[in-house]
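To start, the structure itself, in structure tokens.
The values are calculated or read from the model by the stated rules, or taken from the named source; none is laboratory data. Quantities reported herein were computed from a predicted structural model and do not represent experimental measurements. With ideal geometry, Cβ positions are generated from the backbone for all residues, glycine too; neighbour counts draw on all protein chains shown. What goes into the accessible areas is simple: the full protein's heavy atoms, side chains included, and nothing from ligands, DNA or RNA. Shrake-Rupley method; radii C 1.70, N 1.55, O 1.52, S 1.80 Å.
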Amino acid sequence: MPYTHNTIVKLQKSSPAQTEFYQAVEEVLDSLGPVLDEESRFCQHAIIERMVEPERQIMFRVAWVDDQGKVQVNKGYRVEFNSALGPYKGGIRFHPSVNASIMKFLGFEQVLKNALTGLPLGGGKGGANFDPKGKSNGEIMRFCQAFINELYRHIGPRTDVPAGDIGVGTREIGYMFGQYKKLTNNFDGVFTGKDLLWGGSLARKEATGYGCVYFAEHMLEGNKDTLEGKECLVSGSGNVAIHTIEKLLALGAKPVSCTDSQGTIYQKSGIDISCLKQIKEVENGRLSDYAKRQSDAKYISRDNYPEDGHAVWRLQGQVAFPCATQNELTAADARALLDNGCIAVCEGANMPCTSDAADVLLKAKIAYAPGKAANAGGVATSQLEMAQNASMQRWTFDEVDQKLKDIMRGIYQRTRDTAIELDQPTNFILGANVAGFRRVADAMIQQGVV
Ligand code: NDP
């Protein structure tokens with residue numbers, strides 16, 4: 001498609017070497033072709049050109065002192081991508097792979113995801129190429145404080161409200177909030193994912209994983225099927241994966257796998273959630289420890305993965321939940337899933353399928369939900385946390401969970417209805433991209449050229 005091609009060529013010149021960002025933009029633009037042809041207002045107002053350029057990108061040095069007294073330097077980012085629908089909202093990632101491309105792909109996806117929730121949220125993303133693994137508590141605290149020493153001036157409850165992501169959980173949010181409060185003298189609801197003791201929302205921690213399973217339930221129901229009794233392949237063993245597994249178990253499905261960056265667990269009898277939580281949430285351990293405690297669990301180390309993909313997707317399972325990271329499911333993995341009888345893929349992570357893998361799944365016309373629809377429960381519940389903070393209220397777990405269920409149903413219906421309207425009822429990538437895009441684009445048009 002010439003429009004997509006020209007946009008990517010321009011991005012390659014203006015923002016060189018940002019492959020993940022081009023991948024995310026290309027997927028969205030490919031979906032938008034027919035809409036741009038038929039609804040000329042979007043081209044007249046140069047919406048695409050404006051949407052692929054973040055409103056603001058902040059890049060900064062983060063200098064801190066490690067336990068040996070040595071000065072360490074990392075690179076910090078906040079990409080404030082689009083505020084047409086509300087304050088910038090999106091997580092902060094601490095991982096050695098973080099760079100401008102990954103920040104921009106995540107920020108771009110976040111804009112459309114947040115729009116799809118129907119809530120008043122703009123989109124942004126941030127992070128640092130800091131590796132929290134093996135760091136002491138004191139090092140984590142000093143890093144978070146150094147990160148906020150710059151970021152505090154750019155964020156605020158009505159400006160930009162960060163949350164967690166890979167490598168950033170309640171502990172890191174606590175240290176960042178503490179430093180923000182110290183510097184601004186304000187006890188603002190400026191972060192979500194806070195601890196329950198000081199403004200966090202019940203069910204926020206669980207929301208992304210639970211929401212992903214609620215979305216999968218709707219997709220299967222649409223095909224007159226249920227999750228009950230289904231063997232499910234889950235990747236990751238962090239926040240999203242753990243709560244996906246927990247909700248699958250609660251609904252009578254059988255999650256049989258989880259992964260970390262070093263290996264994969266396969267347990268035919270079903271993952272033991274309390275053992276997994278103990279190792280990952282309490283002991284900060286590795287999945288190799290899980291295999292030592294569960295006699296019927298098999299551990300496949302990363303060294304034994306197939307050359308063209310990942311061990312977890314070569315296992316037997318009917319529904320797949322990639323919940324670790326971007327591009328963790330290749331075309332060869334997708335073909336293996338289909339050969340093994342997989343009937344649905346529901347993305348808990350952001351962009352976990354490569355473009356080629358997504359094509360394989362779309363062609364097979366199985367139930368396939370993109371992350372921007374299926375994992376939007378996390379950000380939606382963040383908005384519920386913001387609402388509770390602003391009104392000084394505290395809702396019960398069940399109240400928040402019920403609102404999360406309603407929001408996920410709304411996202412599912414918007415995605416499905418848009419896919420049906422565009423005559424491709426099984427293409428939820430198309431449905432999610434177009435539904436999210438129209439909302440942001442019309443808001444931008446109404447707000448003029450700014
Ligand atoms: P966590 O840091 O809690 O967990 C990440 C998991 O993925 C860990 O098991 C980690 O293994 C694994 N992982 C990370 N990077 C890699 C890699 N390069 N290769 C293999 N495995 C990897 O993060 P979350 O669970 O919060 O996030 C997971 C995904 O969900 C991300 O894509 C995130 O953007 C997305 N997401 C998260 C939301 C949230 O509310 N937290 C909301 C919406 C989306 P290891 O421990 O070995 O590094």
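Worth a mention:
- Helical runs (DSSP H, four residues minimum) scored at -39500 (n - 2.57) apiece and divided by the length of the chain put the mean residue ellipticity at 222 nm at -15000 deg cm²/dmol.
- Taking every alpha-carbon pair within the range 294-350, the share separated by more than 13 Å comes to 62 percent.
- Sequence-distant residues sharing a close amide H with Gly122 (under 5 Å, placed H): Leu85, Gly86, Tyr88, Lys89
- Placed amide H near Ala367: partners under 5 Å, 5+ positions off or other chain: Val345
- Among Leu29, Leu197, Leu151: highest mean-square fluctuation, GNM of the chain, C-alpha pairs under 10 Å: Leu197
- Order by protection proxy (mean Cβ within 10 Å, highest first), peptides 236-242, 259-265, 50-56: 236-242, 259-265, 50-56
- Rounded if a/c under 1.5, otherwise prolate or oblate - the range 200-258, Cα gyration tensor axes: oblate
- Over the chain, relative contact order from alpha-carbon pairs under 8 Å, at least 6 apart, %: 15
- Distance histogram for the range 54-187 (every C-alpha pair counted, 10 angstrom bins, percent rounded to whole numbers): 13, 46, 33, 8, 1
- Between Ser237 and Thr259, the built amide H atoms are under 5 Å apart, and every one of these is 5 or more places off in sequence or on another chain.
- For the range 223-335, the convex hull drawn through the C-alpha positions has a volume of 102 cubic angstrom per residue.
- Taking the chain as a Gaussian network of alpha-carbon nodes connected by springs under 10 Å, the highest mean-square fluctuation of the residues Tyr412, Tyr305, Tyr77 belongs to Tyr305.
- Taking all protein chains into account, the per residue accessible area for the range 361-426 stands at 45 Å² (1.4 Å probe).
- When the chain is treated as a GNM with alpha-carbon contacts under 10 Å, the residue of Cys212, Cys258, Cys144 showing the greatest mean-square fluctuation is Cys144.
- Sequence-separation-based contact order of the range 54-187, relative, with Cα cut under 8 Å and 6+ spacing, percent: 28
- Kyte-Doolittle mean at least -1.0, axial Cα span of 15 Å or more - DSSP H helices of the chain: 2-14, 19-38, 100-116, 137-151, 170-184, 204-222, 239-250, 377-391, 397-421, 428-446
- All-pairs alpha carbon distance profile, the range 256-390, 10 Å steps from 0, percent: 12, 38, 33, 15, 3, 0
- Averaging over all projection directions, the Cα-based convex hull of the range 336-450 occupies 9.8 nm² in the image plane.
- Overall form of the chain per C-alpha gyration tensor (a/c, 1.5; a/b vs b/c): rounded
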